[in-house]
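Take a look at the structure set out below.
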Amino acid sequence: MSETRNEQLAVLESMVRIRRVEERLAELFTQGNIPGFIHVSIGQEAVAAGVCSGLGPGDSVLTTHRGHGHAVAKGIELRRFMAEIYGRQNGFCKGRGGSMHVADRNVGVVGANGIVGGGLPIALGTALASQYRGEKTVTVCFFGDGASNEGTFHEALNIAALWSLPVVFCCENNSWAQFTPQSSYMKVTSVAQRAAGYGMPGTCVDGSDVTQVRAAAREAVERARSGGGPTLLECKVLRWQGHYVGDAQKYRAPDDVKEARTHDPIRSYAEVLGAAKVLEPGDLEKIEQCVKAEIDDAVAFAAASPMADPADLLTDVYA
Amino acid sequence: MPTLNIIQAVNDALRQEMRRDPTVVILGEDVGKFGGVFRASQGLQEEFGKDRVIDTPLAESGVIGTAVGMALYGLRPVPEIQFADFIFPAMDQIVSEVAKFRYRSGGQYTCPMVIRTPYGGGIRGGHYHSQSPEAHFIHTAGLKVVVPSNPHDAKGLLTSAIRDPDPVLFFEPKRMYRAARGEVPDGEVVVPIGKARVTREGRHVTLIAWGAMWHEADQAAREAADLGIECEVLDLRTLQPLDIDAIVESVQKTGRAVVVHEAPRTCGFGAEISALIQERCFLHLEAPVARVTGFDTPFPYTLESEYLPRAPRILKAVREVMAF
């Protein structure tokens, strides 16, 4: 399938947006402007941007504690996104959710989740509801390699395959579960291998290569949308930073971090587009300027927003 | 008016609500073709099809998680957990997702569903077919908890629960499934959530119970009457939200209260009720609030008659509060 220049530039822009949003979040967090803690996906942007580029507004996304990228790529409004992470009243969740629980029903961001593997079975239900109504929407459930060892992974993949649900299980494998390397918590080297045990297709791609991610995601989304059932899509990525912002990563060999940073999905895609004359001189700068203006605006909005209202403490527990 | 048992009443409510509302979908282990291990959904798959009465794998977390996603997108799932003892594998989904979605999404998403589950001892079920885990869910903000004691309330409360905008844990007293029989109207029966019922009036002691234990409390009240002690019996019916006004009204009249439940004593719901009574009725109390409960042990197999608070143990507590 040939892509238009605009589609390719939009994917590049999406990755740049995620990168700059998270860099800003890390900076604001370090300065003490954001409460709690922050998990960034810097270096992993190709997965969010690549997968979400093939989704429509009616499609649903469930994400994780490291979920800013997925929400941003799915089109969440940056102002209220930022206000939520700031814990402010006009954040998407009235400042109750914060970084790990951002949700925006309008664009199908069902929610980030602080429980590892918590979103996997929920994806079954959003997909089933779509199937029940005869809609053609799909659900993408992002999760990590660590979550693939949770019981919910097993239950969800078995049920999704059994019922041919329109789901894409997208494992963003950065090879670290918090502070533990993958070789210490699973025997197989690829999460996608596990798909065979459920009778669903499993694919593993280089998650730093957005072209590969897009192609694999397009196939999986198309399969789901056309009634062909779920796919386990594993995207192998490299975590540039620690588990959380401020994690000194002393448990990781310095060369490992250095090596990770040589895999830059944004730089490599820009090079590909440059070589193909899709990206012309000045284009990337324009994207950067545009993204910076959006982020500046969102941060200003969040910072000027009222703090969460104590009167709201007791609301929304029940109808 | 037909006479039904609790299972038939549950089945009746499910059927009527599914006819009324096409978004109501049942799912669970053996609920479809088999009709449920206790037959609560018998005949429903034949009438409504496999898309609305869904047989699932043995995967409680998967079942409840599926229900969460369905509820977020406009369906009214009624998942069945075959025995309340099997609810623990789904605990994360219930506590972290079902209960909190409305709050944590700032009201963007809601999670209306009814988790039906048979609970309680007295059927020689042993450790894991006998427990009464209601307190865990009452303790979790965002959930409602309902426990009917009789067929009429089972139908009326289940109807209300399915129509409720919030998630409801619906505990069915399995020992009374066929033992409790009563008249239940054919058509729509609605019993509001959050309202207790005074099933027997009395001026000496208030007996507070729910589900299967209501029957024991009622029996104890009859026996107390022979001794000249007039018990007022309250069937709470809903534990969350609790009808505290009904409790206060009764205890202010009697000055004495005995709370009965099957679950272990420590941090059982009786502890909360006792605290609420002393907060609100302190100057009316003639005796400390008594609790007649299960013991702080795992649920026993052969000794379940000793474990369960049967009428003689309740009567003993009634006499003690009278003698205080």
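No lab work stands behind these numbers, since they all come straight from the coordinates. These numbers come from a predicted model, not from an experiment. Because the Cβ atoms are built from the backbone with ideal geometry, glycine has one as well, and the counts that use them run over all protein chains shown.
The share of C-alpha pairs in region B:3-183 whose separation exceeds 20 Å stands at 48 percent. Panel order for A:TYR185, A:TYR318, by other beta carbons found within 10 Å of each beta carbon, from fewest to most: A:TYR185, A:TYR318. Each pair of Cα atoms in the protein assembly as shown enters the Kirkwood radius, and Stokes-Einstein at 10 °C and 1.306 mPa s then converts it into a translational diffusion coefficient of 60 µm²/s. Assuming R0 = 60 Å, what is the FRET efficiency of B:GLU320 and A:TYR251, from their Cβ-Cβ distance, to the nearest 0.05? After rounding to 0.05, the efficiency reads 0.50. Alpha-carbon geometry of region A:154-195: the Rg and the Dmax are 12.4, 36 Å, given in that order.
Candidate cross-link partners of A:LYS277 among the lysines, defined by an alpha-carbon separation under 25 Å and a same-chain spacing of 8 or more, comprise A:LYS286, A:LYS292.
Which percentage, to the nearest 5, of the DSSP beta bridges contained in region B:3-183 is antiparallel? The antiparallel proportion sits near 15 percent. By the Stokes-Einstein formula, at 1.306 mPa s and 10 °C, region A:36-162 with its Kirkwood radius over alpha-carbon pairs has D equal to 108 µm²/s. For chain B, what is the percent of antiparallel DSSP beta bridges, rounded to the nearest 5? Bridges in chain B are about 20 percent antiparallel. The label-point distance for A:LEU162 and A:LYS136, in a model that sets each label 7 Å from Cα toward Cβ, rounds to 2.9 nm. A Förster radius of 25 Å combined with the Cβ-Cβ distance from A:GLN178 to A:ARG267 puts the calculated FRET efficiency at roughly 0.35. Rounded to the nearest Hz, the phi-derived 3J(HN,Hα) couplings of region B:40-55 under the Karplus curve 6.51 cos²θ - 1.76 cosθ + 1.60 (θ = phi - 60°) are 5, 10, 4, x, 6, 5, 4, 7, 10, x, 6, 6, 10, 10, 9, 6, where x marks glycine and proline.
Our helix-only sum for the protein assembly as shown, with -39,500 (n - 2.57) per DSSP H run of n ≥ 4 divided by its residues, gives a mean residue ellipticity at 222 nm of -11500 deg cm²/dmol. Ordering A:SER14, A:SER190 from the fewest to the most neighbouring beta carbons within 10 Å gives A:SER190, A:SER14. Counting other Cβ atoms within 10 Å as a rough exposure proxy, the listed residues A:THR315, B:THR266, B:THR206 run B:THR266, A:THR315, B:THR206 from fewest neighbours to most. When both bridge partners sit in the protein assembly as shown, DSSP labels roughly 20% of those beta bridges antiparallel. With the Kirkwood sum run over all distinct C-alpha pairs, chain A has a hydrodynamic radius of 19.8 Å.
For chain B, the Cα-based Rg and Dmax, in that order, read 19.3, 60 Å. The simple spin-label model puts a point 7 Å past each Cα toward its Cβ; for A:GLU7 and B:ILE123 those points are separated by 5.6 nm. Across region B:197-323, the volume of the C-alpha convex hull divided among the residues equals 95 Å³ per residue. Given B:LYS174/B:LYS195; A:LYS136/B:LYS33; B:LYS33/B:LYS195; A:LYS236/B:LYS100; B:LYS50/B:LYS155; B:LYS100/B:LYS174, which pairs have Cα atoms separated by over 26 Å? Violating the 26 Å limit, Cα to Cα: A:LYS136/B:LYS33; B:LYS33/B:LYS195; A:LYS236/B:LYS100; B:LYS100/B:LYS174.
Sequentially through region A:138-144, phi angles give Karplus couplings (6.51, -1.76, 1.60; θ = phi - 60°) of 10, 10, 10, 10, 8, 7, x Hz, Gly and Pro residues having no value and appearing as x. Among residues other than A:THR231 with Cβ under 9 Å from its Cβ, the summed charge is 0 (Lys and Arg +1, Asp and Glu -1).
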